[in-house]
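Each remark here refers to the structure printed beneath this line.
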Amino acid sequence: MGKAKPLTVGTEVFAKQGDALLFCKSMLSKYRPDDWVSESDALFLSALLERHPNVNEKIGNGVHHFEVMRADFNTKCFAVVRRDGSRVDFSYLVCIRSASKR
């Protein structure tokens, strides 16, 4: 078994990736589909999204806000709502597990 790697996302510091996953899962559970996330959660999600391997594609012409949307199998996920009104989902799991940072 490998050694746990600390992870920093914005101002949040996690002892290991699993702690970051639980943090994101807990955050997601606070919201219903179509809810906008709070300003403080949006700051975290902005930093988290920077870790996504396709960050430029996800951000597009700029982030207007973050919200929660319905996903497959009656689940929820985070979404970026861009300045032009288009919306795209992103996986916090992919962001946390990604080695790339912008």
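None of the figures in this text is laboratory data; all of them are computed from the coordinates on show. Worth saying up front: this structure is predicted, and the values here are computed from it rather than measured. Please note: Cβ atoms are built from the backbone with ideal geometry, for glycine as well, and neighbour counts cover all protein chains shown.
Normalised Debye scattering of the range 24-86 at q = 0.19, 0.24, 0.28 Å⁻¹ gives log10 I(q)/I(0) of -0.70, -1.10, -1.35, counting only Cα atoms as equal scatterers and leaving out solvent. A Förster radius of 30 Å, combined with the Cβ-Cβ distance separating TRP36 from LYS16, puts the computed FRET efficiency at roughly 0.50. As a proxy for reagent exposure, MET69, MET27 were ordered by neighbouring Cβ count within 10 angstrom, fewest first; the result is MET69, MET27.
Indicate the gyration tensor shape class of the range 1-57 (rounded, prolate or oblate), computed on the Cα atoms with a ≥ b ≥ c the square roots of the eigenvalues: a/c under 1.5 is rounded; otherwise a/b larger than b/c is prolate and the rest oblate. Taking the square roots of the gyration eigenvalues as a ≥ b ≥ c, the range 1-57 is prolate. Taking Cα atoms only, the orientation of helix 17-29 departs from the longest principal axis of the chain by about 30 degrees. Simple point charges give the picture: +1 on the Cβ of Lys and Arg, -1 on the Cβ of Asp and Glu, and for the range 11-102 a dipole about the Cα centre of about 220 debye.
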